[in-house]
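Colleague: First, the structure itself, so that you have it in front of you.
The values are calculated or read from the model by the stated rules, or taken from the named source; none is laboratory data. Given the structure is predicted, the values throughout are model-derived calculations rather than measurements. A quick note on method: Cβ atoms are made from the backbone with ideal geometry, for glycine too, and the neighbour counts reach across all protein chains shown. All accessible areas refer to the heavy atoms of the entire protein, side chains included, with ligands and DNA or RNA removed. Shrake-Rupley method; radii C 1.70, N 1.55, O 1.52, S 1.80 Å.
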Amino acid sequence: MELRLAAAVAAGKATTWASRRLGLGAGSNFPGKVMLRLHPRAPEEMAARLPRGCVLVSGTNGKTTTSNLLAAMLREGGMSPVHNRVGANLVTGITAALAQASDLAGNPRGDIGLFEVDEATLPAAVTRLRPRLVIITNLFRDQLDRYGELETLARKMDGALGTLSPDAKVLLNADDPLVASLGKESPASLYYYGIECEEVTEASLRHAADSKHCRTCRTALSFSAHYFGHMGKYFCPRCGSSRPETHFSAVRVRPRGTAGSEVSLSTPRWEADLDLGLPGIYNVHNLLAAAGGACLLGLGREEVTRGVAGYATAFGRGERIPVDGRELFLVLSKNPTGFNEVIRTLKGEGTGLVVLAALNDRIADGRDVSWIWDVDFEELAPLPRHLVATGTRAYDMALRMKYAGLDPSRLEVHGDLKGALRAALERAREGETVYALTTYTATLDLRRLLSRLGAAPALWEGN
Amino acid sequence: MKGLDLRICHLYPELMNIYGDRGNVIALVRRCAWRGIEVTVGALSLGDPLDPGRYDLYFIGGGQDREQMLVCEDLSTEKGEALREAVEGGAALLSICGGYQLLGKSFLTWTGEYLPGISLFDVETVGGDTRFIGNVAVRCELEGAEGVLVGFENHSGRTRLGPGCRPLGRVLSGHGNNGEDGTEGCVYRKAVGTYLHGSLLPKNPRLADWLILNALRRRHDLEGLPPLDDSLEQAAHGAALALVRRERRLPARAARKRSP
């Protein structure tokens with residue numbers, strides 16, 4: 001068995017190295033595939049060798065940002081996390097990350113595993129990695145063609161949480177009715193995080209909101225406060241079930257546009273004022289998930305505060321990259337809620353913007369692009385003076401903008417990304433920002449293109 | 001088109017709105033507005049009464065199982081009867097996926113739940129153990145909207161048509177109603193049921209205009225609609241069709257040939 005693991009690890013390392021050399025990308029999934037073929041129990045065996053165990057971060061949005069924030073905090077606490085950083089969150093990506101962080105015998109060089117896992121992969125990851133902590137950020141309609149419907153997904157996640165050991169912990173987002181309903185049958189202890197200040201609320205539920213009905217009795221939930229998507233403070237008028245009490249909360253949030261927010265964080269032991277360099281209310285939730293996770297892993301106020309302060313942006317989640325004397329503001333926008341939040345943030349940037357919108361329909365994006373009709377592009381339409389649509393579904397993107405009310409004379413379609421990037425940069429003035437809104441694989445493509453142009457460090461050089 | 005007005009009713013917009021189906025309403029509204037047709041959209045949800053004389057065009061989208069059951073219950077009252085009456089009275093209707101299923105005679109889910117429909121369409125649906133997922137091309141047989149429809153299907157229901165309605169079209173690529181008989185969707189009077197998401201109407205403007213024209217004819221006397229500049233719509237339609245061809249290696253000619 002030892003030899004078999006060593007062979008798998010060697011193969012994993014070699015394929016990762018080769019795929020980087022050949023410029024095939026960050027090499028995150030393919031090496032894992034090779035390893036699992038050679039040794040199907042490789043992740044179990046490597047994970048069991050992590051002295052501080054494993055943490056899983058799952059949910060639709062915010063996995064990467066949450067786990068990167070948490071990793072920064074863990075490092076401040078003197079731990080050395082093994083982390084699948086580039087958002088390759090299927091079992092293959094986790095396996096490859098373990099191999100990369102191991103010596104040739106398969107002994108990890110870190111002491112704690114920190115893995116973001118795809119919502120649909122959670123059951124398999126729980127079985128294989130026996131986590132001590134599971135964090136679930138939110139559940140939105142994302143790639144339903146791949147995951148099935150939300151309720152089915154929630155049932156599977158419930159099943160997975162039911163197999164945790166009694167000393168494990170689960171940290172759930174109280175503001176998401178569906179997430180807050182999870183884990184009721186789990187032997188693990190449940191903890192909750194949420195926003196407790198109501199200044200950040202939105203007037204009404206948007207159509208991209210998904211879980212608006214009580215999971216127990218199906219009655220429409222009443223919201224007393226509403227943050228974004230279906231996030232808020234809610235209760236069921238029929239059966240009385242309501243948002244759980246939070247252990248970790250934001251008691252004050254002051255948004256500062258694309259520059260981030262000031263957040264007052266409250267935990268059972270301490271409070272702190274944090275300067276979060278990530279824009280949008282959704283990133284306040286990511287901060288709460290990470291800080292709550294850090295506390296449940298035994299870290300204190302100092303580590304959390306320093307971790308947030310020293311945090312480098314997650315790949316594609318609001319990076320600013322200088323190109324050609326212009327600045328590219330790169331935001332991953334992969335589903336209706338994520339996109340609506342990005343649009344809400346862009347509204348703070350004024351009008352007359354140059355926007356690059358890249359829509360792909362590869363498997364990791366979801367083959368169905370119908371979801372763009374759930375995004376409130378009507379609110380984006382007044383902002384651009386010029387919008388370049390690109391990606392494998394460039395015309396769908398352009399058509400969506402036309403029907404959102406953007407004058408077709410402001411619209412340009414470029415199937416190839418390089419042409420699209422050039423067109424957008426040409427439209428921008430010296431020193432001006434180009435806003436790139438890109439789906440998952442389009443973000444990868446754009447990053448790869450930028451690093452080829454010498455504008456951005458390659459992905460695996462780390463954030 | 002001065003003096004023309006269209007009243008759209010969006011049924012259960014907050015419950016039946018999966019996979020961007022609201023894009024169909026957006027397309028209808030814009031295409032009316034661009035022609036100077038005054039358009040209003042009313043939303044009717046659980047418990048709201050439906051006045052069959054009020055609206056010209058009804059829309060109901062797809063929904064998740066839970067939502068579908070709530071709507072099924074709501075339609076089993078006189079509301080379902082009123083919707084049938086509206087269609088008999090000349091109103092146009094578009095229903096997608098879960099909405100389409102509920103307007104048929106019945107839907108027996110894979111888990112054994114029986115959902116009675118309102119029998120507007122002579123179709124019956126039975127849940128299957130696998131989902132039909134993917135890009136679809138359909139040769140549309142609707143008179144006045146002939147051509148190829150493109151969309152995306154994602155359903156486990158297998159729908160079979162009875163003699164009381166005809167198919168919307170024949171599948172060129174994809175599964176359609178049941179993956180077996182080559183039909184997709186159904187048509188009864190001016191009511192259309194289909195499995196196609198996408199959203200359907202933005203990339204298929206002829207079908208959108210067919211619905212608008214027929215809905216307007218309920219209260220207005222008119223020959224046809226003035227054309228719009230659909231170059232972007234056609235480019236998006238062409239790109240989607242090219243994608244289907246690449247996926248299924250469908251010969252370029254088959255999409256144009258008339259079906260037997």
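Colleague: Under the Karplus relation 6.51 cos²θ - 1.76 cosθ + 1.60, θ = phi - 60°, what is the ordered set of whole-Hz ³J(HN,Hα) values for the stretch A:350-366, x standing for Gly and Pro?
Modeller: x, 10, x, 7, 9, 10, 10, 10, 10, 10, 10, 10, 6, 4, 5, 8, x
Colleague: Of all GluC sites (Glu not before Pro) in the stretch A:216-285, which ones are in loop regions per DSSP and have a Cβ with at most 15 other Cβ atoms within 10 Å?
Modeller: Counting only loop positions with at most 15 other Cβ atoms within 10 Å, the GluC sites (Glu not before Pro) in the stretch A:216-285 are A:Glu245.
Colleague: Which net charge results when you count Lys and Arg as +1 and Asp and Glu as -1 among the other residues whose beta-carbon is under 11 Å from that of A:Gly110?
Modeller: In short, +3.
Colleague: P(r) of the stretch A:2-309 in 20 Å steps, Cα pairs, percent per bin?
Modeller: Whole-percent P(r) values from 0 Å outward: 34, 56, 10, 0.
Colleague: Using a 1.4 Å probe over the heavy atoms of the protein chains, calculate the carbon and sulfur portion of the accessible area of the protein assembly as shown as a whole percent.
Modeller: Taking all protein chains in place, the protein assembly as shown shows 50 percent carbon and sulfur surface.
Colleague: Which far-off residues, 5 or more places away or on another chain, put their amide H under 5 Å from the one on B:Tyr12, with H placed in the peptide plane?
Modeller: B:Leu44, B:Ser45
Colleague: Tell me the total accessible area that B and A bury against each other, 1.4 angstrom probe, in square angstrom rounded to 100.
Modeller: Result for this pair: about 3300 Å² buried.
Colleague: May I pose another question? Taking only protein heavy atoms into account and a 1.4 Å probe, give the accessible area per residue of the protein assembly as shown in Å².
Modeller: Values: 26560 Å² over 723 residues.
Solvent-accessible surface per residue comes out at 37 Å².
Colleague: Out of the DSSP beta bridges found with both residues in chain B, what percent are antiparallel (nearest 5)?
Modeller: Close to 55 percent.
Colleague: Per residue of the stretch B:57-63, what does 6.51 cos²θ - 1.76 cosθ + 1.60 with θ = phi - 60° give for ³J(HN,Hα)? Whole Hz please, x for Gly and Pro, Karplus curve as stated.
Modeller: 9, 10, 9, 9, x, x, x
Colleague: Using modelled amide H (1.01 Å from N, peptide plane; none on Pro or chain starts), what sits under 5 Å from the amide H of B:Val148, excluding residues fewer than 5 places away?
Modeller: Long-range HN contacts for B:Val148: B:Cys140.
Colleague: Kindly identify residues of the stretch B:193-238 having a loss of at least 30 Å² in accessible area between the isolated chain and the assembly of all protein chains, probe radius 1.4 Å.
Modeller: Residues of the stretch B:193-238 that lose at least 30 Å² of accessible area once the other chains are added: B:Gly198, B:Pro202, B:Lys203, B:Leu232, B:Glu233, B:Ala236.
Colleague: Report, by chain and number, residues whose modeled amide H sits under 5 Å from the one on B:Val39, excluding near sequence neighbours (fewer than 5 apart, same chain).
Modeller: It is B:Leu6, by chain and number.
Colleague: Which parts of the stretch B:130-167, residue by residue, lose 40 Å² or more of accessible area when the rest of the protein chains are there, as against the chain isolated (1.4 Å probe)?
Modeller: Correct list: B:Phe152.
Colleague: Share of antiparallel DSSP beta bridges in chain A, in percent to the nearest 5?
Modeller: Approximately 35 percent, going by the DSSP bridge assignments.
Colleague: Shape verdict for the stretch B:5-248, please, from the Cα gyration tensor: rounded (a/c under 1.5), prolate (a/b greater than b/c) or oblate.
Modeller: Working: a/c = 1.63, a/b = 1.05, b/c = 1.56.
It is oblate, given that a/c is not under 1.5 and a/b is not larger than b/c.
Colleague: Using the Karplus curve 6.51 cos²θ - 1.76 cosθ + 1.60 with θ = phi - 60°, what ³J(HN,Hα) values do you get for each residue of the stretch A:277-282, in whole Hz, with x for Gly and Pro?
Modeller: In residue order, the calculated couplings are x, 10, x, x, 5, 4 Hz.
Colleague: Along each principal axis of its Cα atoms, how long is the protein assembly as shown end to end? Whole angstroms, biggest number first, please.
Modeller: 78, 58, 53
Colleague: Would you mind checking A:Lys418/B:Lys203; A:Lys33/A:Lys156; A:Lys334/A:Lys418; A:Lys13/A:Lys418; A:Lys33/A:Lys184; A:Lys13/A:Lys334 for any pair whose Cα atoms are more than 28 angstrom apart?
Modeller: Those over the limit are A:Lys13/A:Lys418; A:Lys33/A:Lys184; A:Lys13/A:Lys334.
Colleague: Follow-up question, since we're still on this one. More than 16 Å apart: what percent of Cα pairs in the stretch A:237-326 qualify?
Modeller: Within the stretch A:237-326, distances greater than 16 Å cover 58 percent of Cα pairs.
Colleague: Per residue in the stretch B:66-82, which ones lose no less than 50 Å² of accessible surface when going from chain alone to all protein chains (1.4 Å probe)?
Modeller: B:Arg66
Colleague: For peptide B:14-21, how many partner chain Cβ atoms fall within 10 Å of a residue's Cβ, on average? Please report the intermediate quantities before stating the final value.
Modeller: Values: counts 6, 3, 0, 7, 8, 9, 13, 3.
Per residue, the number of nearby Cβ atoms from other chains is 6 on average.
Colleague: Which of the chymotrypsin sites (Phe, Trp or Tyr not before Pro) found in the stretch A:263-344 are loop residues per DSSP with 13 or fewer other Cβ atoms within 10 Å of their Cβ?
Modeller: Counting only loop positions with at most 13 other Cβ atoms within 10 Å, the chymotrypsin sites (Phe, Trp or Tyr not before Pro) in the stretch A:263-344 are A:Trp270.
Colleague: Here is a follow-up. With all protein chains present, calculate the accessible area of A:Arg243 using a 1.4 Å probe and round the result to the nearest 10 Å².
Modeller: 40 Å²
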